[in-house]
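Asker: Take this structure first; my questions come after.
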Amino acid sequence: MEVAVTINGQTYSHDVEPRTLLVHYIRDTAGLTGTNIGCDTSSCGACTVHINGESVKSCTMLAVQADGQTLTTIEGLADGDVLHPMQESFRQCHALQCGYCTPGMVMAAISLLDENPSPTEREVRIGLEGNLCRCTGYHNIVKAVLHCAEASA
Amino acid sequence: MIPLGFDYIRAESTDEALAALADHGDEAKLLAGGHSLLPLMKLRLATPAVLVDIGRLDNLSYITDAGDHLAIGALTRHRAVETSDLVRSFAGLLAEATSHVGDPQVRHIGTIGGSIAHGDPASDLPSVLVAMRATLVAQGPSGKREIAVDDFFTGFLETSLADNEMLTEIRVPKMPDATWGFQKFNRRAQDWAIVGVAAVVNNASSGVGLVNMDSLPVRAAGVEAALDAGASASDAAAVAADGTNPPSDLNAGPEYREHLARVLTRRALEAAGR
């Protein structure tokens, strides 16, 4: 089945099996491997991308469900060498250790601030409940999101 | 994990969806947000031959004030329910419980109708509909019919929806002056409830629904009767597990769940001001 999506401003159109998961479409078909597969059971959030600006877990969607939609992945955030403010906050606050959860964390955090631009620390922790960091590096991740919110205020 | 292959039909209207169901019977499953169905398909616990995608039926995504009740389209996403001023004003328990469904990513795409039609006793929202005595609207080849929530859930992941019917609307009685409490006990953020309790007190009548205390979403009828007879929160909560048949799994055995049901019911009732 033909699936056409806009990812990071570029149009992709491919014939895929209906059972193709969106994350496989993004990684294997579109070749955008910044989005990671973690648990593959919609628990860990490593595969988080934006569909029409909202965070979703791309391991639990079919590519056909995203047909015609506008997606953003981690590759679509930076403007050339200039990082997105959330990426910059993660860098400044050392909000990553092994880095595996980072793309999903950043995508979830941006969606969180879109909905709640000035969250409390507790709201950040609850807002990121769909993302797991196996390094347990939550302290600096939360710090980075709060830093980004302050910097953007 | 990749689902077993299936034929994919994208419905552009309710009629198209119903026609596809009529053609394929119990070989077909409806796909809304997919956040209950796709995990089952990835684990090959569900292997529908035909998937009918109703995710684009925007006409089934709405929240309207219908006089004595709120009418919520089955394809309304959790995020829309959670943030709706109408729901917050007239069905605060539903808004609160919805904010505990899954996680933000799940709530961006998961739908109230999908969650309800899935019929999972471990899901949060069925308990709310039980407590608030909601009515479900199903549409089939011969038109629409209303189903009282107590007649809707019939077993583990089973509902009274026929193979050729789809859930189109959820009707929640407006309770602007109600007090309520929602308790969800789990070990990790975003997990399903090991046990959950939804309680609402509206004027002189009460409603209490239990999560994960049986093979289907259940009403704590004994608690309601005790409350309506004037019992205190702790006295009423003492009978919360009566008549239930809680599951046993890695998280908890039946006795622990029965204990949780009593404790969480008391907390939910106290939160509701009883």
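Asker: Would you mind working out the magnitude of the charge dipole of the protein assembly as shown relative to its Cα centre, with +1 at each Lys and Arg C-beta and -1 at each Asp and Glu C-beta, to the nearest 20 Debye? Can you show the working numbers first?
Answerer: On the way: 31 positive and 52 negative charges, 226 e Å.
Value, rounded to 20: 1080 debye.
Asker: Would the stretch B:61-212 count as rounded, prolate or oblate if I go by the C-alpha gyration tensor, calling it rounded below 1.5 in a/c and otherwise prolate when a/b exceeds b/c, oblate otherwise?
Answerer: Numbers: a/c = 1.35, a/b = 1.14, b/c = 1.19.
Cα axes put the stretch B:61-212 in the rounded bin.
Asker: Taking the Cα centre of the stretch A:100-146 as origin, work out the dipole magnitude from +1 charges on Lys and Arg Cβ and -1 charges on Asp and Glu Cβ, in debye rounded to 20. Show your work: numbers first, answer last.
Answerer: Values: 4 positive and 5 negative charges, 47 e Å.
Value, rounded to 20: 220 debye.
Asker: Chains A and B: buried accessible surface, both sides, probe 1.4 Å, rounded to 100 Å²?
Answerer: In total, chains A and B hide about 2500 Å² from solvent.
Asker: Testing the spin-label approximation: label points 7 Å from Cα along Cα→Cβ at residue A:123 and residue A:135. State their distance in nm.
Answerer: So the label points at residue A:123 and residue A:135 sit 2.8 nm apart.
Asker: Between residue B:56 and residue B:204, 0.36 nm times their residue separation minus their Cα-Cα distance comes to what? Kindly include the intermediate steps, with their values, before the conclusion.
Answerer: Values: separation 148, 0.36 × 148 = 53.28 nm, distance 4.14 nm.
Contour length minus Cα-Cα distance gives 49.1 nm.
Asker: Taking only Cα atoms of the stretch B:124-166, what ratio of Rg to Rh do you get with Rh as the Kirkwood inverse-distance radius? Walk me through the numbers on the way to the answer.
Answerer: On the way: Rg = 10.7 Å, Rh = 10.9 Å.
With Rg and the Kirkwood Rh in hand, the quotient comes to 0.98.
Asker: What is the stretch A:2-76's relative contact order, in percent, from Cα pairs under 8 angstrom and six or more apart in sequence? Walk me through the numbers before you get to the answer.
Answerer: Working: 145 pairs, mean separation 30.0, N = 75.
Averaging sequence separation for qualifying contacts and normalising by length gives 40 percent for the stretch A:2-76.
Asker: Separate question: Could you rank B:157, A:128, A:146 by how accessible they are, 1.4 Å probe, largest area first? The partial results should precede the final answer.
Answerer: Numbers: B:157 60, A:128 15, A:146 40 Å².
Sorted by accessible area, descending: B:157, A:146, A:128.
Asker: Given the whole protein assembly as supplied and a 1.4 Å probe, what does the accessible area of residue B:215 come to in Å², nearest 10?
Answerer: The accessible area of residue B:215 comes to roughly 60 Å².
Asker: In chain A, what % of DSSP beta bridges are antiparallel (nearest 5)? Don't jump to the answer; show the numbers that get you there.
Answerer: Values: 14 of 16 bridges.
Looking only at bridges with both residues in chain A, the antiparallel portion is about 90 percent.
Asker: Place a point 7 Å from Cα of residue B:156 in the direction of its Cβ. Which residues in the stretch B:209-225 have their backbone N less than 15 Å from it?
Answerer: Only B:212-217 pass the distance filter.
Asker: So, one more: Say the cut-off is 30 Å between C-alpha atoms; which of A:57/B:29; B:29/B:174; A:143/B:42; B:42/B:184; B:144/B:174 go over it?
Answerer: Values: A:57/B:29 21 Å; B:29/B:174 32 Å; A:143/B:42 35 Å; B:42/B:184 27 Å; B:144/B:174 22 Å.
Result: B:29/B:174; A:143/B:42 exceed 30 Å.
Asker: Tell me what the protein assembly as shown gives for mean residue ellipticity at 222 nm when only DSSP H runs of n ≥ 4 count, each as -39,500 (n - 2.57), the sum divided by the residue total, rounded to 500 deg cm²/dmol.
Answerer: Details: 16 runs with 136 residues, N = 427.
Rounded to the nearest 500, the figure is -9000 deg cm²/dmol.
Asker: Further, regarding this structure: Rounded, prolate or oblate for the protein assembly as shown? Axes are the square roots of the Cα gyration tensor eigenvalues, ordered a ≥ b ≥ c, and the cut-off for rounded is a/c under 1.5.
Answerer: Details: a/c = 1.87, a/b = 1.29, b/c = 1.45.
Since a/c reaches 1.5 but b/c is at least a/b, the shape of the protein assembly as shown is classed as oblate.
Asker: Where in the stretch B:237-260 is the amide nitrogen less than 16 Å from a point lying 7 Å along the Cα-to-Cβ axis of residue B:221?
Answerer: B:239-245
Asker: Check which residues have an amide H placed less than 5 Å from residue B:159's amide H, if you skip close sequence neighbours.
Answerer: Distant-sequence amide H within range of residue B:159: B:154.
Asker: Could you pull the accessible area for residue A:28 with a 1.4 Å probe, rounded to 10 Å²?
Answerer: The accessible area comes out at roughly 110 Å².
Asker: Which sequence of B:111, B:154 reflects their accessible areas, 1.4 Å probe, from the largest down? Working shown, then result.
Answerer: Details: B:111 5, B:154 75 Å².
Sorted by accessible area, descending: B:154, B:111.
Asker: Same structure, new question: Round to the nearest 0.05 the FRET efficiency obtained for residue A:98 and residue A:41 when R0 = 22 Å and r is the Cβ-Cβ distance.
Answerer: Numbers: r = 20 Å, r/R0 = 0.90.
For residue A:98 and residue A:41, the calculated efficiency is 0.65.
Asker: Among B:9, B:33, B:51, flag the residue with its Cα farthest along the positive direction of the charge dipole of the stretch B:7-53, charges on Cβ as +1 for Lys/Arg and -1 for Asp/Glu.
Answerer: B:33
Asker: Same structure again: List for the stretch B:1-16: residues with 20 Å² or greater reduction in accessible area, all protein chains versus chain alone, probe 1.4 Å?
Answerer: B:1, B:2, B:3, B:5, B:6, B:8, B:10
Asker: Give, rounded to the nearest 20 debye, the magnitude of the charge dipole that chain A has about its Cα centre when Lys and Arg contribute +1 at Cβ and Asp and Glu contribute -1 at Cβ. Can you show the working numbers first?
Answerer: Details: 8 positive and 17 negative charges, 105 e Å.
The dipole magnitude comes to about 500 debye.
Asker: Next up: At 7 Å along Cα-to-Cβ for each site, give me the label-to-label distance between residue A:15 and residue A:151 in nm.
Answerer: Result: 4.6 nm between the two label points.
Asker: With a cut-off of 8 Å between alpha carbons and a minimum separation of six or more residues, what is the relative contact order of chain B in percent? The partial results should precede the final answer.
Answerer: Values: 632 pairs, mean separation 43.1, N = 274.
Across chain B, relative contact order equals 16 percent.
Asker: Right, another one. Antiparallel DSSP bridges in chain B: what percent, to the nearest 5? Before the final figure, lay out the partial values.
Answerer: On the way: 38 of 46 bridges.
Roughly 85 percent of the DSSP beta bridges within chain B come out antiparallel.
Asker: Taking amide H positions as placed 1.01 Å from N in the peptide plane, with prolines and chain starts having none, which residues 5 or more places from residue B:69, or on another chain, fall under 5 Å of its amide H?
Answerer: Distant-sequence amide H within range of residue B:69: B:174.
Asker: Go ahead and run the numbers for FRET between residue A:114 and residue B:242, Cβ-Cβ distance against an R0 of 30 Å, rounding to 0.05.
Answerer: Values: r = 46 Å, r/R0 = 1.54.
Taking R0 as 30 Å, the efficiency between residue A:114 and residue B:242 is 0.05.
Asker: Rounded to the nearest 10 Å², what accessible area does residue A:39 have for a 1.4 Å probe in the complete protein model?
Answerer: Result for residue A:39: roughly 50 Å² accessible.
Asker: Quick one: with all protein chains in place, what share of the accessible area of the protein assembly as shown is carbon or sulfur, to the nearest percent (1.4 Å probe)?
Answerer: Numbers: 8480 of 17710 Å².
Looking at the protein assembly as shown in its full context, I get 48 percent from C and S.
Asker: Can you give me the accessible area per residue for the protein assembly as shown, using a 1.4 Å probe, in Å²? Please list the in-between numbers first.
Answerer: Details: 17710 Å² over 427 residues.
With all protein chains present, the protein assembly as shown gives 41 Å² per residue.
The values are calculated or read from the model by the stated rules, or taken from the named source; none is laboratory data. Just so it is clear, the structure is predicted and the values come from calculations on it, not from any experiment. Reconstructed Cβ throughout: ideal geometry from the backbone, glycine too, with neighbour counts over all protein chains shown. The area values use the complete protein model at the heavy-atom level, side chains included, leaving out ligands, DNA and RNA. Shrake-Rupley method; radii C 1.70, N 1.55, O 1.52, S 1.80 Å.
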